[in-house]
Amino acid sequence: MRDHPLEVGEDATTFFQPRAMVFVTMLWVIALGWLACGVLVLLVAFALGARPGVGDLVLALESVLIGPPVVAGAILLLAWRRLGWLKSSVRGLEFGATGRRGVHLPWRAVASVGLRRWGPFTELVITPTSRDEVTELPGPGRRPRMLRRDGGPAFLVDVGLMSPGPETLLAELHRRIPSRV
């Protein structure tokens, strides 16, 4: 799925964000925000004494029907080739958050993995045992997303819309992480 110098074995499991699911999710989130802003504008207009006519209401409805799909489409076009992804294989874990460069970690360098938040906003938190084991993959995008914690830095990957889902992804990672007994 991604071109990089670190090859993965045939047993690789790939998780990705389907573009259609990302578009639909962005569409309803943007539409709810758009609608909330429209209601707020109407309330302010009423408070200031304005009385919108039928033409104003039709314009507001058109705005709600046209604006969110255009905004969601524009955002998706900007992120088209840079949606989040994750590969799990015998050689290690490779991942990239949306718009970020990829990272490779051998399994011995993965201290822990876990999920935080819920629904489409679910994030995978990957804590490496050592920063020395981390290999940043070449390619477009910004630096990998990091979370500063007491136990050291951790990587964040948006997995709420990944296919298969976050729970399947976490089960796959726990299956592969070597036990530290």
Only one residue in G96, G152, G139 is under 18 Å from T14 (Cα atoms) and outside the structural domain of L27 (by TED's automatic domain parsing), so which one is that?
-> G96
Given the structure, is W80 over 16 Å from F15 (Cβ atoms) and loosely packed, with under 13 Cβ neighbours inside 10 Å?
-> yes
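Please go through segment 150-171 and give me each residue that is within 21 Å of P106 (Cβ to Cβ) and either touching a helix residue (DSSP H, G or I) at 6+ places or on another chain (Cβ under 8 Å) or surrounded by fewer than 16 Cβ atoms within 10 Å (Cβ to Cβ) (or both), ordered by number. I'd like the intermediate steps shown before the answer.
Step one: list which residues in segment 150-171 are within 21 Å of P106 (Cβ to Cβ), which gives 151-157, 159, 169-171.
Listed by number, the residues that qualify are G151, G152, P153, V159, A171.
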G73 fails exactly one of the following numbered conditions: (1) more than 27 Å from W34 (Cβ to Cβ); (2) in contact with a helix residue (DSSP H, G or I) (Cβ under 8 Å, 6 or more places away or on another chain); (3) surrounded by fewer than 16 Cβ atoms within 10 Å (Cβ to Cβ). What is the number of that condition?
-> (1)
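The values are calculated or read from the model by the stated rules, or taken from the named source; none is laboratory data. Here the structure is a predicted model, which is why all the values come from computation and not from measurement. Because the Cβ atoms are built from the backbone with ideal geometry, glycine has one as well, and the counts that use them run over all protein chains shown.
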